[in-house]
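Novice: Quick one: the structure is below, questions incoming.
The values are calculated or read from the model by the stated rules, or taken from the named source; none is laboratory data. These numbers were taken from a predicted model, which means no experiment stands behind them. Every residue, glycine as well, gets a Cβ built from its backbone with ideal geometry; the counts of neighbours run over all protein chains shown. Heavy atoms of the whole protein, side chains included, go into the accessibility calculation; ligands, DNA and RNA do not. Shrake-Rupley method; radii C 1.70, N 1.55, O 1.52, S 1.80 Å.
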Amino acid sequence: MAADESAPAAVVTAAEIARLAGVTRAAVSNWRRRHPDFPRPAAGTATSPLFALTEVQQWLDQQGKGRETSAEVDLWHKLRAQYGDDLPTALGAVGAQLLGTAVEQPLAEPAAAALATLSAERGAHALYADLVERCIASTTRSGGEPMTTLALERIVAAFAGPADDAAGASDRTIGTVYDPACGIGTLLLTAVPGAHRYGQELNPATAAIAESRARLDGRAATVACGDSLRKDAFPDLRADLVVCDPPVGVADWGRDDLLLDPRWELGVPPRSESELAWVQHCYAHTAPGGRALLVLPSSVAYRKAGRRIRAELVRRGLLASVVALPPGLMSSHSQPVHLWILRRPVHGDPTPTHIRMIDLSTADPDGIGIGLEGCAPTPEQIADVPPVDILDDDVDLSPGRYVTPHHGDYPVEYAALRDRVQSIARDLLDLLPELPAGPGRIEAAPMGLGDLVRGGLVDLDGTEPTSRTDQLDTDYLRGFLRSAANTRRSTTASGTLRLNASGAQLPQMDIGRQREYGEAFRRLAAFEELLRETAAVGDRVGALAYDGLTKGALLPPSAATSVLSL
């Protein structure tokens with residue numbers, strides 16, 4: 001869209017708000033979700049919203065953000081000092097103390113005292129919820145055990161909510177909720193009032209967190225440990241709502257031992273299709289009239305090996321909807337995912353006439369699910385597809401194959417996007433700093449990131465490291481950690497980039513020189529962020545141009561001149 005001329009002169013991105021407040025971008029996303037008075041976007045796009053700087057600064061001042069959480073940060077560092085990177089065990093011990101139960105590795109005295117003080121001030125449930133959020137953000141950054149993100153929980157909760165045709169839901173009351181791979185309980189505790197919850201989790205430490213979250217929130221829940229596929233803890237359970245964010249790409253999921261399992265109503269899943277084993281497990285535990293919502297990699301929708309099972313889902317009318325979600329919602333990768341919504345029909349239900357395909361792949365991952373409009377697709381993002389149109393050689397369930405982007409006025413939209421490209425080109429050049437030649441090396445003694453963390457000067461509990469002292473510039477810190485040497489130290493054998501705190505180094509400089517480097521790094525970061533927006537705008541304008549030219553809604557320049565001359 002063209003820039004709104006009435007938009008405030010000074011606007012900031014979510015990442016810039018995080019820098020202003022000294023928090024992570026995930027924290028800003030949580031503020032947008034939790035606080036109805038958080039400023040609404042004033043400009044930008046759905047995927048790159050911009051906020052009025054004056055409104056943001058006023059809100060931060062009113063809330064005291066960036067200052068009131070220091071006690072929580074200190075508690076977190078005490079937990080890290082005792083448990084290291086074993087955050088699930090740390091949170092399990094926190095939950096045990098808050099609930100007054102025994103645990104194998106209880107909190108040490110400094111952490112226990114800090115926890116008691118904070119829980120008295122803020123309440124046990126609110127404090128534990130904040131620590132869980134911090135754990136998810138820290139795990140996302142460090143590449144630990146994958147955890148369901150809170151953004152994903154919002155989306156699942158929205159589609160598990162009131163009955164609507166998009167989800168093919170019934171009007172029945174949801175009395176039971178089941179999650180066979182519940183992790184720390186994020187989806188298991190989705191907002192369904194009055195329901196009893198059943199969860200199973202392979203890792204005892206994460207299962208303990210799920211149980212603590214439920215008890216502290218006053219929700220009835222039964223959480224069992226074990227492998228749901230190999231040793232189902234609730235074989236007779238039929239739940240009104242089943243939710244699942246299953247492990248992906250697991251080759252040894254027990255297929256050889258489960259060939260005759262009655263759960264495979266649609267066929268035995270191939271060895272390479274563990275996700276389709278979870279689909280059928282969830283459906284087997286769905287009560288008549290109930291629904292199952294699963295978060296799955298987008299490739300499950302079209303992989304050749306799973307074609308037969310997908311065809312059975314479509315043919316039997318069990319698949320109500322597939323929702324394409326934007327990238328950036330998962331803790332372990334940045335790839336887009338789909339939400340599959342299955343229904344188990346009640347005897348006598350009419351045969352469904354369509355499967356609803358919803359394409360939210362271009363939505364803002366930070367804003368989706370915030371407010372009533374967050375998960376409400378527009379008519380242009382929906383396609384009701386007859387099963388016969390899906391049952392071809394591919395049985396492709398990707399919403400993008402069926403949802404055709406709608407453009408009300410091709411010339412106006414194309415002109416606006418073209419203007420935006422021109423504006424971005426100017427901004428890119430302005431942001432890219434002029435960097436004069438240097439001597440070839442920096443004459444400064446190195447200092448280790450690990451020493452700064454242990455000294456309490458750097459906080460690693462977020463997507464990026466943050467300075468906790470006015471003698472260390474955060475942007476200088478982040479910039480030097482992206483040096484070629486530090487990047488090599490932080491790249492695993494599989495090619496994944498994970499910050500190596502023990503080996504990363506940066507040069508010692510006085511704060512004035514740090515800020516000079518920090519300003520250059522800030523501009524480079526803004527340049528890179530704008531480049532990412534450029535790619536998204538480029539995709540949109542390219543698709544619009546091709547679509548408009550091939551439909552006759554747009555003309556090539558020479559043809560337009562010829563038409564005007566007639």
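Novice: I'd like the projected area of the range 281-333, averaged over all directions, using the convex hull of its alpha carbons. Report it in nm² with one decimal.
Specialist: 4.7
Novice: Roughly speaking, what is the stretch gain from ASP427 to THR534, that is 0.36 nm per residue apart minus the C-alpha to C-alpha distance, in nm to one decimal? Present the calculation step by step, with values, prior to reporting the outcome.
Specialist: Details: separation 107, 0.36 × 107 = 38.52 nm, distance 1.08 nm.
Contour length minus the Cα-Cα distance gives 37.4 nm.
Novice: Just to be sure I understand the model, the point goes 7 Å from the Cα along the line to the Cβ. What's the resulting VAL346 to GLN58 distance in nm?
Specialist: For the pair VAL346/GLN58, the computed spacing is 5.1 nm.
Novice: Expressed as a whole percentage, what fraction of the accessible surface of the range 169-277 belongs to carbon and sulfur atoms when a 1.4 Å probe is rolled over the protein heavy atoms?
Specialist: 52
Novice: Nearest 0.05, what FRET efficiency do GLU145 and ALA376 give at R0 = 41 Å with Cβ-Cβ as r?
Specialist: Once rounded, the FRET efficiency stands at 0.80.
Novice: Sorted by packing (mean other beta-carbon atoms within 10 Å per residue), highest first, where do 312-322, 281-291 land?
Specialist: Most protected by this proxy first, the peptides run 281-291, 312-322.
Novice: How far apart, in nanometres, would the label points at GLN105 and ILE511 be if each is projected 7 angstrom from Cα along the Cα-to-Cβ direction?
Specialist: Those two pseudo-labels are separated by 3.7 nm.
Novice: Here's a follow-up. Expressed in nm to one decimal, what extension gain is obtained for the pair ARG523 and ALA43 from 0.36 nm per residue of sequence separation less their Cα-Cα distance? Write out the running numbers ahead of the final one.
Specialist: Details: separation 480, 0.36 × 480 = 172.80 nm, distance 2.06 nm.
That pair, ARG523 and ALA43, stretches by 170.7 nm at full extension.
Novice: On the accessible surface of the range 48-134, probed at 1.4 Å, how many percent belong to carbon and sulfur atoms? Numbers along the way, then the final one.
Specialist: On the way: 2000 of 4040 Å².
The nonpolar share, carbon plus sulfur, comes to 49 percent.
Novice: Compute the convex hull volume of the Cα atoms of the range 502-547, divide it by the residue count, and report the result per residue in Å³ as a whole number.
Specialist: Considering the Cα atoms of the range 502-547, their hull volume per residue is 87 Å³.
Novice: Compute the FRET efficiency between LYS231 and ASP393 as 1/(1 + (r/R0)^6), taking r as their Cβ-Cβ distance and R0 = 41 Å, and round to the nearest 0.05.
Specialist: 0.65
Novice: At SER483 and ALA545, where each label point lies 7 Å from the Cα along Cα→Cβ, what is the point-to-point distance in nanometres?
Specialist: The answer from the label model is 4.2 nm.
Novice: Skip the ligands, DNA and RNA, and give the accessible area per residue of the range 514-560 with a 1.4 Å probe, whole Å².
Specialist: 59
Novice: For a Förster distance of 41 Å, can you work out the FRET efficiency between the beta-carbons of ASP256 and THR173, rounded to the nearest 0.05?
Specialist: 0.55
Novice: Can you give the accessible area per residue of the range 188-337, in Å², using a 1.4 Å probe? Write out the running numbers ahead of the final one.
Specialist: Numbers: 5760 Å² over 150 residues.
On a per-residue basis, the range 188-337 sits at 38 Å².
Novice: With a 10 Å radius around each residue's Cβ, average the other Cβ atoms per peptide and rank 92-99, 547-554, highest first.
Specialist: 92-99, 547-554
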